Amino acid sequence: MANNLVPGLQQAIVAGRNRVEAGRASLRAAYEAKPMTTQLLHGHAALVDAVLVQLWKTCRIPANVALMAVGGYGRNELFPYSDVDLLILLPEPPDGELGDRLSVLVGAMWDTGLAIGHSVRTIDECLEQAQANITVQTNLLESRLLTGNVMLFQQLWMRYQAQIDVREFFRTKLLERDQRYARYNDTPYALEPNCKESPGGLRDLQLLGWIARAAKLGRNWRELARQRLITGTEAVDLRNGERFLQHVRIRLHFLADRAEDRLLFDYQERLAQAMGIKATAARRASEIMMQRYYLMAKKLTQINGILLQNYGDEIFPGHEFPAIVINEHFQVVRELLDIRDETVFERHPGTLLECFLLLQQRSELKGMTTRTLRALWVNRTRINAAFRANPDNRAKFLEILRQKHGILHAFRQMNQCGILSRYLPPWRKILCQMQYDLFHAYTVDQHTLMVLRNMRRFSMGIHAHEHPLMTSLMLGLERHWLLYIAVLFHDIAKGRSGDHSILGMEEAREFCEQHGLEDEDTEFVVWLVRHHLMMSHTAQKEDTSDPQTIQKFAAAVGDERHLTALYLLTHADIRGTSPKVWNGWKSKLLQDLFFATQRLLRGATPRQALRQDERIAEARRFLRYYGLRSGAEDTLWQQLEMVYFMRHSSDEIAWHARMLHSQVESVEPVVRARVLDDNGGVQVMVYVPDQKNLFMRLTGFFCHMGLTILDARVYTTRHGHALDSFTLQNPDNDDEEHYREILSLIERELTLALQNPEKIVRPAQFLLSRQVRHFPVTPHVELVADEAGHHHILSITAADRPGLLFDVAEVLAAHGISLEIAKITTLGERVEDSFLLTGGGLTQESRVVKIERELLERLRL
C-alpha cells in the first residue's frame, strides 16, 4: 500500500517532521537555558508520543491493534538521538491488508526523522520471545500503551507478569551484566568510558530498576529506601548519580549531533565547558570533569553492589542459619563477614583494617554484608592522623600486605570503600586521576592496582604457565611482599610538578620508616621506586649489545636481588599500562638485559655476560642440527666482525648463515622472512650489495606494507654487503597466522624493490589519530656523542604516525649519516626511539644543530 493511497498521510508526515524538528529545537534551547534532565527526557518522549499517535490515526490502524512504547522510550526517557523502540501488538497474525498498512505506518514514522526500532507480534509471540530472549523480556517490563486496544495491552501485561520467573530474571541479568563488564575490561576507569554501558554507567542504574520492578520491590529510589533496601542517603546518591550521567549523555548527543555515549577525547574538553567546568592553572577542564565522572562511577558501583546483595536476600530468602562468631567484633552470616553491632567501627576504629585482614585469612568468606559495607563507608573518616600513627593499625596494614591470599582483592575493596585514600593520604591525589600520555589506558590509581595484580600473579603457582620465569624469580625473592609497597608508591606522585620517581621515593621512605621496616628493606623499596623506569629505558633505548651498557646498568643495580626485583616491577608495570603496550619483543628485550646483567653480577666478564663466545658456539650447534656441514658458515663469518656477533642472538646468527652460506658473493638481493615466537611479529633479513639510501628505502617499503618497525640492526660486511635485520609488527592484525600468510609476499615484493635502486616507495598520506589530535606530543630531538666518542646517539620523542621512521631516515640519508641500530619504542600513540649513528660530520657542532632542526621540522604535525 503506497503512501498516496492513505488520505492525508503525506501532509501528516510533513507536519510530523516539522513538529519533531521544532520540538527538539525548543527542548534543546530550554535545556541549554536551564539544564534539567527530567524536562528534556520526558518532554522528548511526549513529543514523539504525539507524532506517533497522529500517524497511527492517519493510517487508520484497526481498533483491535495496540501501539506500545518499550525499552527506554517505554520508561518515558528519550535522549536526544536515541532510538524509538516500539511494539505493534496484534490480536492475531496480520492479513495482507493489515500488513501493508503497518508497513506504510512504519515507513511514515521513519520519514518524520525518527530512528524507529520496531517489532510486530501477537501476545503469544511476545511471550515466546520473552521466554527465549532476556532483552525482549526486559523491554516488555518497561512497556506502556501509546494508543490502540487497551484490553489487548492489559492482557499482555497480565500474562507477562504471570510468566516471569523473578529468580531466573535476576540470575540472567547478573550474567548479562558480567558479560557487559567484560567488554569494558571490568573497569569504569578507562580513559574513554561509555557513560551508558561501562561499569558505573546508566545501564547499571537501569539494571537496579529492572530487577526492582520485576520483583515488585519498588518503582523508584524513594520506594526502595522506604523498603529499607537502601538508606535515604543512598537513594539521594543514586538520584544525583543518575542525573549526572543523564546530563553527560544528553550533552554528548548534542555535541556529536547523533547517538554517542562514549566520552571520546574529541568531546571531553567541550563537554566540560558545556557543563560549566573551568580549567585551573594545573589542570584542564576535561581532566576535572573526567575525575568527577570516575568518582561518581565509583560511588554508583559501590551502591550497586550493596543493593544487588539486598535484592538477592529478598528474591532468594534462605534458611536463617545462626551467625558464626569470629571474635568480639565480627561474625559470619551466610558466608559473609558481618559486624556484630552497628557501632563496631565507631568504638574500635582499628577494626576498619581488621575486616580486610579477616577476608584474606578466612577462605569461606565470600564478601561483606551490606551493613558492614555501609558502616565502612560511613566511618572511613575515622582514619585520621592519630589512626595512621597508631602502631597496631600500622602493623595491621603491613599484615594485609604479607598475607598469602587476597591481597589484590583487599586493596581493590579498600580503594572502593575509601579506606585506602584515608590511610595513604598521597593516594587521594591520584584517585581517579587521568593520564594524558597516550599510552596509559587507566587512571593512575587503577593502573597501580593493575600493576599490583600482575605482581600478585607472579607469586601464585596457578598462574606460573603465563610467565614461568617471573613466577620462579618472584618465589625465589626473599620478602617479596616488599615489592607490593614499591608498586603502591611507584606512581603515587604522578600529576605533581617535578620528577614523580623522586617525589614517590620520598613518600615511600616516609611510609617505610613510619611502619618500622628495617633500614635494609626501606632502602630496597625506596631504590625500586626511584629507579622503576631505569630498566625499561635501558632495554628499549640503549645498545644492550655494548658491554659498557651492561656494565653501567649492573653498577646501577648493584646486586642480584635489586636486579630481580627491578625486572619484576618493570615487567608488571609495562603490562599494567595498557593491553596494547606489551608485546613479545619488549619481553625479549627485558629478558636479555636481565640475564646479561645477572651473569655479570655473578662474576662473568662483559664478553661472557653477553655470551659472545657461547653465542657463536651455540649458533654452530644450531647449524649442525639443521644439517649444514661443519665449516659451511665460515665463508660468511669471515666477512663479519665481532660487533655483528655481539648484536645478534645465536638463533639469528644461525638463521643468517643457513640462508646465506651459499650466497655470500651474490650481487642479487637476498630477502628472507620468518615468524617470531610468542607473538613477536615478523623478522626480515636483507642481504644485498650496499646501496644508496638503503635504510630509507626499506623503511618506506615496510610502511607501505602497513608494518611497524620494532627493531632494526644495520650491518655492513667486510666486502661491502648490507646485512640488515628488522623486527616488524602489524598494529592492526597481530596474529601469527596473518604473519605466516604475508612472509612470501614480503620476500617477493621487497626483492623486486631492491632490484631497482632508484625507486623509493614513499609512505602514503596519513590521518592523525583522535588521541594525537587532542593530546599532541611536542617533538623532542637530541643528538649526542656516546661515552666512547665512536658513535652518536639520536633520541627522538614524537607522536606516532605512519612514515615517521621514513622521515627520520630521509634526513639522515641527506646528511650521509649511517645507522647501525634503531631501537623503536611505541607507547600507545607516542614513540620514544633511539638510533646509533656514525658519519656525516657529526663531530661538527653546527652540523649536529642543523640535523636536529631538520628532524624537528619533519616531526611536527
Once all protein chains are kept in place, LYS34 shows an accessible area at probe 1.4 Å, nearest 10 Å², of 140 Å²
For HIS721, the residues 5 or more places away or on another chain with a placed amide H closer than 5 Å to its own amide H are ASP690
In the list (1) 119, 62, 49; (2) 99, 70, 60; (3) 95, 78, 56, the entry giving Cα extents along the principal axes in Å computed from the coordinates is (3)
Taking only Cα atoms of the range 1-89, the Rg to Rh ratio with Kirkwood Rh works out at 1.02
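Mind checking the per residue accessible area of the chain for me, 1.4 Å probe, whole number of Å²? Could you put the intermediate results ahead of the total?
Values: 37560 Å² over 861 residues.
Per-residue value: 44 Å².
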By the C-alpha gyration tensor axes a ≥ b ≥ c (rounded if a/c is under 1.5, else prolate when a/b exceeds b/c, else oblate), the shape of the range 251-392 is oblate
Tell me, what is the Rg over Rh of the range 271-347, with Rh the Kirkwood radius over Cα pairs? 1.26
Using the basic label-point model (7 angstrom from Cα toward the beta carbon), what is the GLU223 to ALA395 distance in nanometres? 5.3 nm
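Leaving ligands, DNA and RNA out of it, rank MET455, MET275 by accessible area with a 1.4 Å probe, largest first.
Heavy-atom accessible area, descending, gives MET275, MET455.
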If you place +1 on the Cβ of every Lys and Arg, -1 on the Cβ of every Asp and Glu, and leave all else neutral, what size is the dipole of the range 1-103 about its Cα centre, to the nearest 20 Debye? 440 debye
How large, in Å, is the range 150-267 by the Kirkwood hydrodynamic radius built from its alpha-carbon pairs? 16.2 Å
Given 10 °C and 1.306 mPa s, how large is the Stokes-Einstein diffusion coefficient of the range 779-861 in µm²/s, with Rh as the Kirkwood radius over Cα pairs? 124 µm²/s
Enumerate by residue number the GluC sites (Glu not before Pro) in the range 473-535 meeting two conditions: DSSP loop (anything except H, G, I, E, B), and at most 11 other Cβ atoms within 10 Å of the site's Cβ. GLU478, GLU518
Select from the chain the helices, each a whole stretch of DSSP H, whose alpha-carbon atoms run 24 Å or more along the helix axis and whose Kyte-Doolittle mean is at least 0.5; answer none if there are none. 37-58
Say the cut-off is 28 Å between C-alpha atoms; which of LYS404/LYS586; LYS278/LYS299; LYS278/LYS298; LYS396/LYS588; LYS298/LYS541 go over it? LYS404/LYS586; LYS396/LYS588; LYS298/LYS541
Equivalent ellipsoid semi-axes - Cα gyration tensor, the range 69-204, angstrom: 30, 21, 12
Restricting to bridges with both residues inside the chain, how much of the DSSP beta-bridge set is antiparallel, in percent to the nearest 5? 90 percent
In Å and from the alpha-carbon atoms only, list the Rg and Dmax of the range 665-743. 13.0, 39
If each residue of separation counts as 0.36 nm, what is the full-extension length gain between GLN608 and GLN591 once their alpha-carbon separation is subtracted? 4.5 nm
Which value, in Å² rounded to 10, gives the accessible area of HIS537 with a 1.4 Å probe and all protein chains present? 80 Å²
Taking all protein chains together and a probe of 1.4 Å, list LYS299, LYS429, LYS494 from the most accessible to the least accessible. LYS429, LYS299, LYS494
Carbon + sulfur, % of accessible area of the range 389-525 - ligands and nucleic acids excluded, 1.4 Å: 51 percent
Under the Karplus relation 6.51 cos²θ - 1.76 cosθ + 1.60, θ = phi - 60°, what is the ordered set of whole-Hz ³J(HN,Hα) values for the range 115-121, x standing for Gly and Pro? 8, 9, x, 9, 9, 10, 8
For the range 84-90, in residue order, the Karplus 3J(HN,Hα) values (coefficients 6.51, -1.76, 1.60; θ = phi - 60°; whole Hz; Gly and Pro = x) are 9, 8, 10, 10, 9, 9, 10
Once the range 408-502 is represented by equal point scatterers at the alpha-carbon sites, with solvent omitted, what log10 I(q)/I(0) does the Debye formula produce at q = 0.10, 0.17 Å⁻¹? -0.30, -0.81
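Could you sort PHE321, PHE806 by accessible area so the largest value comes first, with the probe set to 1.4 Å?
PHE321, PHE806
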To the nearest 0.05, what FRET efficiency results for ARG144 and GLN291 with a Förster distance of 60 Å applied to their C-beta separation? 0.95
Just want the answer: with Cβ charges of +1 for Lys and Arg and -1 for Asp and Glu, which residue in ALA225, LEU245, CYS195 is farthest toward the dipole's positive end in the range 169-307? ALA225
How far apart, in nm, are the 7 Å Cα→Cβ label points at GLU364 and ASP677? 4.7 nm
Using label points projected 7 Å from each Cα along Cα→Cβ, tell me how many nm separate ALA29 and ARG258, to one decimal. 2.7 nm
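The values are calculated or read from the model by the stated rules, or taken from the named source; none is laboratory data. Being a predicted model, the structure only gives us computed values, none of them experimental. Every residue, glycine among them, receives a Cβ derived from its backbone with ideal geometry; neighbour counts consider all protein chains shown. These area figures cover heavy atoms from the full protein model, side chains too; ligands, DNA and RNA do not enter into them. Shrake-Rupley method; radii C 1.70, N 1.55, O 1.52, S 1.80 Å.
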